[in-house]
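Below is one structure, written out as structure tokens, with a few remarks after it.
Just so it is clear, none of the values below were taken in a lab; they were calculated from the coordinates. Because the structure is predicted, anything quoted here is derived from the model rather than measured. Quick reminder, even Gly has a Cβ in these numbers, built from the backbone with ideal geometry, and neighbours come from all protein chains shown.
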Amino acid sequence: MINLVLFGPPGAGKGTQSDMIKEKYSLTHLSTGDLLRGEIKAGTPLGIKAKELMDQGQLVPDEVVIGMIDSKIKEHKSGNGFIFDGFPRTVAQAEALDNLMTENGIAISGMVALEVDEEELTKRILKRGETSGRTDDQNEDLIRNRVQEYNNKTAPVASFYEGQGKFKSINGVGSIEEIFGSVCTAIDSL
Ligand code: B4P
């Protein structure tokens, strides 16, 4: 069983790589971004609140995303394992994830981080914004806010896994296939 955290700043390619990783290793893909966009589309009270924050480039409260992940872990824990994409995004979320995994008799195998510089991230997100319809993808100020939220609140999550000896970092710039090769090497070494 592999339980992987795929990590990196907004637009680093977490969603792109997750789609390929889940096929190769037959994992359950849990993306908090996708789950939140599902709530927005369904017009739920949670989705309405989340949209307000996401449209400002801010994180959604920890208890909301932890609650969503809790029910998904319970639902899929008998599978081959999980790929967590965009979660945990704060140290509080990382601690909660460790507790949820323990409660369910499983554990995180490791974190793989995609390293991408801010100029490249901005370029990718603006390009995606041309077709994604995502309101959080469409202007540079908003993207800067998202990167700032990442630097302040999310980057420390890497040290959390480094402290547990479960951290691997790879270059996230290059072709999607090249990066996938490096991701697989990192996963196989966990
Ligand atoms: P997410 O949905 O997680 O979005 P993301 O960080 O922008 O995307 P990702 O890194 O997956 O990029 P992608 O592969 O698509 O989060 C959105 C928002 O939801 C957050 O800002 C926050 O408000 C909220 N949220 C989500 N989870 C949360 C949590 N746990 N706690 C609190 N709030 C939370 O790649 C981006 C683009 O680059 C794509 O167009 C792709 O085609 C392109 N690309 C990918 N790889 C490339 C490569 N190698 N070369 C060139 N382009 C590439």
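Taking 19 Å as the limit for the C-alpha separation, the pairs K22/K72; K123/K168; K14/K127 exceed it in the case of K123/K168.
How much space per residue, in cubic angstrom, does the convex hull of the C-alpha atoms of region 137-190 take up?
Working: hull volume 4.9 nm³, N = 54.
Hull volume over Cα atoms, normalised by residue count, gives 91 Å³.
In terms of Cα atoms, the Rg and Dmax of region 17-114 work out to 13.6, 37 Å. Residues M111, M1, ranked from the fewest to the most other C-beta atoms within 10 Å, line up as M1, M111. The orientation-averaged shadow of the Cα convex hull for region 35-190, equal to a quarter of the hull surface, comes to 9.8 nm².
Each Cα pair under 8 Å and six or more residues apart adds its separation to the average, and for the chain the resulting relative contact order is 32 percent.
The distance from the alpha carbon centre of region 52-126 to that of region 1-34 is 10 Å, rounded to a whole number. A simple spin-label model places pseudo-atoms 7 Å from Cα toward Cβ; at I176 and I106 they are separated by 2.6 nm. One chain, two ends: E120 and D188. Fully extended at 0.36 nm per residue, the span grows by 21.7 nm beyond their Cα-Cα distance. Computing FRET efficiency as 1/(1 + (r/R0)^6) for K127 and N151, where r is the C-beta to C-beta distance and R0 is 22 Å, gives about 0.50.
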